[in-house]
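Beneath this line is the structure, given in structure tokens, with notes to follow.
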Amino acid sequence: MFQKLKMASVAIAILFFLLSLLAVLQFYRFQNLLFEVNSSRISVPAQALKRDVERTLAFGLSLQTNAQLKTMLEQVIEKYPSILSIQLVDTIADSGTIMWQSGPALADPMRYVQSQRRSGKEMWFDAKSPDSFIQSWVIKDPIGQIVANLTLSADKSQVNALLADARASLFRIWLLLCLAVLLILTPILLYLFSRLDRIISAAQSILQGKKVDSVAWQRSEICDLATQIVDSGNAPKTNKS
């Protein structure tokens, strides 16, 4: 009986592992989808602001002296409450000087500039910060030279709440599935292992020429094979010593 319980426990443990792996994969799939949606939401005002800033450069206005940029940044934050802060960073000499900003300043602005450069794309998105999403865009002058960096910080609290709810829901579903497996699969496995033991014992008895229980023999290919071996005269001889 202990051997049967051990085999059943191994089978159930493997199934628990597969259910856990499936739950983790589903959670990270949902998380990535949520991050992509929020990145797209931030991109809408960010792209519009980027175009407006580059348009001022096309008109020959300087980013450092154009006070209208401050108003433009504040209007974006006012229109999109999820955006916490925006800053326009001078990148010509890698000075990291913040020319204009609205909302709380982000620490170490050049860190986002360097991350954006490493990405090799005009837009870089970071979801690793526990409290905010960071999106960074390059600003180019009319001849295509990168002169500044536009960095936006967006609120992540709603996303964190959704992820917490999703994590709790998945855990409850996983727990219910594990309980169902434990209550349903365990007796089935024990029954199948017990039946297999009876069939193997019956086949062993046939090979040894002993009396066999007809119930255990019924519909058993193993017992049929053992009978064929005995009928062909190839059954192993029992050691009588």
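Checked against the criterion of being touching a residue at least 60 places away in the same chain (Cβ under 8 Å), in a helix (DSSP H, G or I), more than 23 Å from Ser157 (Cα to Cα) and among the aliphatic types (A, V, I, L, M), the candidates Leu34, Leu69, Leu19 yield just one match: Leu19.
Here Ser82 clears all of (1) surrounded by fewer than 14 Cβ atoms within 10 Å (Cβ to Cβ); (2) modelled with pLDDT of 90 or more; (3) touching a strand residue (DSSP E or B) at 6+ places or on another chain (Cβ under 8 Å) except the condition numbered (1).
Filtering the stretch 160-186 down to residues that are more than 30 Å from Asp131 (Cα to Cα) and not aliphatic (A, V, I, L, M), which residue is modelled with the highest pLDDT? Going through the qualifying residues, I end up with Cys178. Assess whether Thr91 counts as being at pLDDT below 90, among the hydroxyl-bearing types (Ser, Thr, Tyr) and either surrounded by 14 or more Cβ atoms within 10 Å (Cβ to Cβ) or touching a Phe, Trp or Tyr at 6+ places or on another chain (Cβ under 6 Å) (or both). In short, yes. For first residues located in the stretch 169-197 and closer than 11 Å to Leu19 by Cα and part of a helix (DSSP H, G or I), partners that are small (Gly, Ala, Ser) and modelled with pLDDT of 80 or more and lie 6+ apart or on another chain with Cβ distances below 9 Å form the pairs Leu170/Ala23; Phe171/Ala23; Ile173/Ala23; Trp174/Ser20; Trp174/Ala23; Leu177/Ala23; Cys178/Ser20. Within the stretch 125-133, the presence of a residue that is touching a strand residue (DSSP E or B) at 6+ places or on another chain (Cβ under 9 Å), in a strand (DSSP E or B) and farther than 23 Å from Val37 by Cα is excluded. Kindly check whether there is at least one residue in the stretch 110-118 that is within 27 Å of Ser157 (Cβ to Cβ), among the polar types (S, T, N, Q), part of a strand (DSSP E or B) and without any contact (Cβ under 8 Å) to a residue 60 or more places away in the chain. No: the stretch 110-118 contains no residue that is within 27 Å of Ser157 (Cβ to Cβ), among the polar types (S, T, N, Q), part of a strand (DSSP E or B) and without any contact (Cβ under 8 Å) to a residue 60 or more places away in the chain. Scan the stretch 49-62 and give yes if some residue there is farther than 29 Å from Leu88 by Cα, in a helix (DSSP H, G or I) and of a type in the set (Lys, Arg), otherwise no. Scanning the stretch 49-62, I find no residue that is farther than 29 Å from Leu88 by Cα, in a helix (DSSP H, G or I) and of a type in the set (Lys, Arg), so the answer is no.
The values are calculated or read from the model by the stated rules, or taken from the named source; none is laboratory data. Predicted model only: the values in this text are computed from it and were never measured. All Cβ positions, glycine included, derive from the backbone under ideal geometry; neighbour counts span all protein chains shown.
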